[in-house]
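Student: After the structure tokens below, expect a handful of questions from me.
The values are calculated or read from the model by the stated rules, or taken from the named source; none is laboratory data. On a predicted model such as this, the values are computed, not experimentally measured, just so you know. Glycine also receives a Cβ, built like all others from the backbone with ideal geometry; neighbour counts cover every protein chain displayed. With ligands, DNA and RNA removed, areas are computed over all heavy atoms of the protein, side chains included. Shrake-Rupley method; radii C 1.70, N 1.55, O 1.52, S 1.80 Å.
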Amino acid sequence: EPTPWPEPEPLPDFPLESLPTWAQAHAVAASDARQVPVDMCAMLAIGALAAAATGRANVWPADGWAEPVNLYLVVAMRSGAGKSPAEKAMAGWLRRWERERMAAMSKAHDEAQVLAKLADKKYRKAQDGGLMDGGDVLDLARAAQKARDEIPALPRLIIDDTTPEAVATLL
């Protein structure tokens, strides 16, 4: 006879008291309004606040070694469980900020990408043509790398509706 799986012990309640009172109230209100677990709303609040703080805090594991503080959270529930409405309630402000920043940076980002492609093309043409001496080709390689390095990164703080394989690539 197969042995049945043991019944799991109930999970402890989410420690809402660890959040600031305004975040607790918002998580509870969003949870009640959307009929979703309060822990999901609380986790989304923590994630949104952590994303807003990204790049503003460092931890020093040892002398001379600083690492930025990052927090990666995943809310995994079945389809139709109310994840999207809860996320909109808890992190909608962050999505709006992200869209505004991307719009503000898109022209500079696109221009830098074009310049990098042109520099790469010039380098490859010189390399394939062999018309230049080694120093000139090396200078063009450095210029192409510099142009790629100068492409400003678009702010990406929230990833949703993705597969585990795509998450690894995005991170």
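Student: Only one of A42, A23, A33, A51 is in contact (Cβ under 8 Å) with a residue 60 or more places away in the chain and under 25 Å from R95 (Cα atoms); which?
Tutor: The match here is A51.
Student: Another question, if that's okay. Pairs only if they're at least six apart or on different chains, beta carbon under 8 angstrom, first in segment 152-171 and touching a residue at least 40 places away in the same chain (Cβ under 8 Å) and surrounded by 10 or more Cβ atoms within 10 Å (Cβ to Cβ), second polar (S, T, N, Q) and not in a loop (DSSP other than H, G, I, E, B); list them, first residue then second.
Tutor: These pairs meet every condition: L154/S106; D160/S84.
Student: I've got another one for you. Out of curiosity, is N70 within 15 Å of the chain's Cα centre (by Cα), at negative phi and polar (S, T, N, Q)?
Tutor: Yes: the conditions hold for N70.
Student: Another one. Condition check: surrounded by 12 or more Cβ atoms within 10 Å (Cβ to Cβ) and closer than 30 Å to A29 by Cα. Does R95 satisfy that?
Tutor: yes
Student: Are any residues in segment 123-142 open to solvent by less than 50 Å² (accessible area, probe 1.4 Å) and at pLDDT 80 or above, and if so, which ones?
Tutor: Once the filter is applied, which keeps residues that are open to solvent by less than 50 Å² (accessible area, probe 1.4 Å) and at pLDDT 80 or above, segment 123-142 yields A126, V137, L140, A141.
Student: Moving to a separate point now. List pairs: first residue in segment 87-103 and more than 18 Å from L73 (Cα to Cα), second residue modelled with pLDDT under 90 anywhere in the structure, Cβ distance under 7 angstrom, at least six positions apart or on different chains.
Tutor: The qualifying pairs are R101/P155; M102/L154; M102/P155.
Student: Turning to a different aspect of this structure: In segment 37-63, which residues are of a type in the set (V, I, T) and either modelled with pLDDT under 90 or not in a helix (DSSP H, G or I) (or both)?
Tutor: Those that are of a type in the set (V, I, T) and either modelled with pLDDT under 90 or not in a helix (DSSP H, G or I) (or both): T54, V59.
Student: Yes or no: T21 hydroxyl-bearing (S, T, Y) and exposed (fewer than 11 other Cβ atoms within 10 Å of the Cβ)?
Tutor: Yes; evaluated as a whole, the condition is true for this residue.
Student: Out of all the residues in segment 1-18, is one or more closer than 20 Å to W97 by Cβ and open to solvent by 50 Å² or more (accessible area, probe 1.4 Å)?
Tutor: Scanning segment 1-18 turns up no residue that is closer than 20 Å to W97 by Cβ and open to solvent by 50 Å² or more (accessible area, probe 1.4 Å).
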